[in-house]
Structure formats: structure tokens, C-alpha cells
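K.L.:
Below is a structure I'd like to ask you about.
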Amino acid sequence: MSTPDLSHSVPPFSSRPSVTAKLINGGVAGLVGVTCVFPIDLAKTRLQNQHGKDIYKGMIDCLMKTARAEGFLGMYRGAAVNLTLVTPEKAIKLAANDFFRQLLMEDGMQRNLKMEMLAGCGAGICQVVVTCPMEMLKIQLQDAGRLAVHHQGLASAPSSSRSYTTGSASAHKRPSASLIAWELLRTQGLAGLYKGLGATVLRDIPFSIIYFPLFANLNNLGVTESTGKASFAHSFMSGCAAGSVAAVAVTPLDVLKTRIQTLKKGLGEDSYSGITDCARKLWIQEGPSALMKGAGCRALVIAPLFGIAQGVYFIGIGERILKCFK
């Protein structure tokens with residue numbers, strides 16, 4: 001779950017906030033956004049990983065069962081990883097996108113769809129340095145509760161009459177991000193933390209290619225001559241629209257990434273040797289609709305993230321903080 005880049009919602013270059021201010025804005029937006037929408041992201045991961053609908057019938061059902069079995073904090077399993085790494089991820093994305101825009105479009109502000117797509121592509125490639133291990137660890141923590149319920153259901157009832165058992169997940173010993181990271185580094189080296197790198201790149205590049213230019217152009221439609229920028233409401237809606245479109249469009253790639261990065265499988269669940277193997281097995285065993293699992297959750301996660309980030313950017317929290325040190 002990455003955070004948006006709002007560097008295109010600003011006035012001409014001379015009045016743009018400094019890189020430091022943008023990084024502060026991005027960090028604050030990321031922290032607030034992750035805290036607000038993380039339970040929905042957890043539901044997305046669990047829905048994408050389950051085969052069929054034997055445990056969760058949908059997002060609401062998943063959240064209700066998670067809260068009942070694991071408590072309120074159970075819905076935030078893996079959030080600490082995101083909260084820790086969201087700021088460096090944002091810093092890399094912002095810096096890379098600004099760098100490529102300046103490189104490809106001279107002053108970085110004129111509208112050029114092809115160059116904007118290339119800049120977004122470059123930012124997407126660079127951010128996976130942090131995104132891949134961040135999501136690798138997050139997914140293991142998010143999916144632990146589903147696995148506990150899955151094993152409990154298989155052990156206690158036939159497939160035709162399985163029921164959800166409260167307490168089964170809470171009694172299951174939870175892994176921690178640090179232990180998972182250490183075990184991966186010890187057994188597989190740095191490559192262990194970058195399992196699913198190819199799938200992450202294939203997801204994040206199209207997302208950035210779609211989002212960056214779409215947001216920039218939608219937002220530009222609301223720019224007024226008097227202020228040189230769009231209103232908050234227009235930028236908010238532009239961010240939500242662009243983020244949702246991009247999120248839904250790359251959902252099949254996100255499903256593949258989630259399945260590949262999940263280390264522990266439930267009984268009867270497949271392991272995958274790569275992107276092609278995962279896509280083939282999903283298509284054959286679960287049908288093409290499986291590739292869109294969690295699409296609604298992704299849209300519900302991304303849209304508020306962009307809205308929250310736009311609000312932080314509009315208020316100018318980064319600029320206000322920097323003024324306190326002058």
C-alpha cells in the first residue's frame with residue numbers, strides 16, 4: 001500500500017514547495033492514510049489469498065470476522081511495517097518523479113502525456129526498492145489470521161459444513177516483522193525480502209503510468225487563472241478518480257503479487273514458481289474472476305489515501321513545520 005505523489009497539483013515552479021516540505025507532506029499523508037485505511041487493505045490481502053469463499057464472503061464479512069476473532073488491533077496486523085517504511089518509500093517516489101519530470105520536460109510543468117507517463121514509469125521502478133520488502137513483510141502479517149482460521153476449519157469440519165470459529169485466530173501465535181525479516185535474510189539472503197520483485201514492478205509501473213498523467217491532467221482542468229492552481233475540492237476529486245482508476249486497472253497484477261509473496265499457504269493451497277505459473281493456475285483453478293479479487297477494496301483504499309494526501313498538501317503542513325524552524 002503505497003502513497004500518492006501530489007507534485008502535479010501545485011502552482012508554477014517558482015512557487016512550488018521545497019523538496020523538504022513535499023517529503024514532510026508525503027510522510028504525514030502516508031502515516032495518516034495508512035492508519036485510516038489499513039483494515040481495508042488487510043481485507044484485500046485476505047480476500048486475494050483465499051481460494052473460493054470458504055472463509056470470507058466479502059470485505060465487510062472479512063472485517064467483522066477479523067474484529068471478532070482478533071480484536072480491533074487484529075485489523076492492523078502489519079501496519080507497523082507500512083508506518084515505518086512509508087516515508088522513505090514516499091521520498092524515493094517523489095524524488096524520482098521530480099527528477100524524471102525535470103529531465104524529460106525541461107521545467108517539469110508543461111503538459112506532455114508521453115513524458116508524464118515515462119516519468120511515472122521511472123518513479124514506479126525506483127520505489128519498488130522499498131515497496132517490495134515492505135509489502136512482503138506486511139502480507140505475511142496480514143494473512144496470518146486467515147491461515148489460522150483456514151487450518152482450524154479444515155481440522156474441525158468437512159468442507160461442506162465449515163464454520164467460522166471465534167478465538168481460533170487469536171489463539172494462534174503471531175509472527176513479527178522483525179522475525180520474518182531475520183529468517184528470510186538468514187535462509188535466503190537479501191533475495192528473500194525481494195521475493196515477488198518482478199510482480200511488484202509489473203504492478204507499480206502500470207499504476208504510475210496511469211495515475212501520474214491522469215491525475216495531472218484531471219487536476220489541470222480545474223486550474224484557474226487567478227490562483228494558478230485548482231481548488232481543493234477539484235484536486236481531491238481528481239486524486240480520488242485517478243487513484244481509483246489506476247488501482248482497479250492493476251488489480252490482476254496485485255493479486256498475482258500477493259499470491260507469490262505469501263510464504264505460508266493453507267492446506268490444499270498452491271505454491272507458485274513465478275508470475276506465469278501463478279496466472280495459469282489462478283485462471284484454470286479459480287477462473288478469470290479470481291484476477292479481480294479485492295478490486296473494490298483496492299479502490300476503497302487508494303481513493304481515501306489520495307484524498308487525505310491532497311488535504312495534507314493543500315493545508316501545507318510541511319511548509320508550516322519548516323517555518324517553525326526559521
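The values are calculated or read from the model by the stated rules, or taken from the named source; none is laboratory data. No experiment lies behind these values; they were computed from the predicted model shown. Backbone-built Cβ (ideal geometry, glycine too); neighbour counts: all protein chains shown. Surface accessibility is based on the protein's heavy atoms, side chains included, excluding ligands, DNA and RNA. Shrake-Rupley method; radii C 1.70, N 1.55, O 1.52, S 1.80 Å.
K.L.:
If I ignore ligands, DNA and RNA and count only protein heavy atoms, how much of CYS121 is accessible to a 1.4 Å probe, in Å² to the nearest 10?
P.N.:
The accessible area comes out at roughly 30 Å².
K.L.:
With θ set to phi - 60°, apply the Karplus curve 6.51 cos²θ - 1.76 cosθ + 1.60 along segment 238-245 and write out the HN-Hα couplings as whole Hz, x wherever there is a Gly or Pro.
P.N.:
Values, residue by residue: 5, x, 4, 5, 5, x, 5, 4 Hz.
K.L.:
How much net charge surrounds VAL81 when only other residues with a Cβ under 12 Å from its Cβ are counted (Lys, Arg +1; Asp, Glu -1)?
P.N.:
-1
K.L.:
Measuring with a 1.4 Å probe in the full set of protein chains, what accessible area per residue, in whole Å², belongs to segment 177-257?
P.N.:
Per residue, segment 177-257 has 45 Å² of solvent-accessible surface.
K.L.:
Further question: Residue by residue through segment 228-233, which ³J(HN,Hα) values in whole Hz follow from phi under the Karplus form 6.51 cos²θ - 1.76 cosθ + 1.60 (θ = phi - 60°), with glycine and proline marked x?
P.N.:
Values per residue, Gly and Pro as x: x, 8, 7, 5, 4, 4 Hz.
K.L.:
Sorted by accessible area with a 1.4 angstrom probe, largest first, how do LYS326, LYS264, LYS281, LYS138 fall?
P.N.:
The most accessible residue leads, giving LYS326, LYS264, LYS281, LYS138.
K.L.:
Here's a follow-up. Probe 1.4 Å, all protein chains in place: accessible area of THR224 in Å², nearest 10?
P.N.:
About 60 Å², ignoring ligands and nucleic acids.
K.L.:
Of LYS114, LYS93, which has the most accessible area with a 1.4 Å probe, and how do the rest follow in descending order?
P.N.:
Final ranking, largest accessible area leading: LYS114, LYS93.
K.L.:
If you don't mind, there's one more thing I want to ask. May I ask you to list the residues of segment 288-326 whose amide nitrogen lies under 15 Å from a point 7 Å from Cα along the Cα→beta-carbon direction of SER18?
P.N.:
317-326
K.L.:
Moving on to the next point. Which whole-number percentage describes the relative contact order of segment 209-326, with Cα contacts under 8 Å and a sequence gap of 6 or more?
P.N.:
It comes to 31 percent, rounded to a whole number.
K.L.:
Please report, as a whole percent, how much of the solvent-accessible surface of segment 176-326 comes from carbon and sulfur atoms (probe radius 1.4 Å).
P.N.:
Percent of accessible area from carbon and sulfur atoms in segment 176-326: 68.
K.L.:
I've got another one for you. Probe of 1.4 angstrom, ligands and nucleic acids ignored: what's the accessible area per residue over segment 62-152, in square angstrom?
P.N.:
Roughly 38 Å² per residue, with all protein chains present.
K.L.:
Any chance you could run the full-extension gain for LEU83 through PHE325? It's 0.36 nm times the residue separation minus the Cα-Cα distance, nm to one decimal.
P.N.:
My answer for the length gained is 84.6 nm.
K.L.:
Can I ask one more? Counting Lys and Arg as +1 and Asp and Glu as -1, what is the net charge of the other residues whose Cβ lies under 15 Å from the Cβ of ALA279?
P.N.:
Its environment carries a net charge of +2.
K.L.:
So, one more: Kindly rank 176-189, 244-257, 72-85 from highest to lowest mean number of other beta carbons found within 10 Å of each residue.
P.N.:
244-257, 72-85, 176-189
K.L.:
Follow-up question, since we're still on this one. Checking the table LYS65/LYS257; LYS90/LYS293; LYS257/LYS281; LYS114/LYS293; LYS195/LYS281 against a 21 Å threshold on Cα-Cα, which pairs fail?
P.N.:
From LYS65/LYS257; LYS90/LYS293; LYS257/LYS281; LYS114/LYS293; LYS195/LYS281, over 21 Å: LYS65/LYS257; LYS90/LYS293; LYS114/LYS293.
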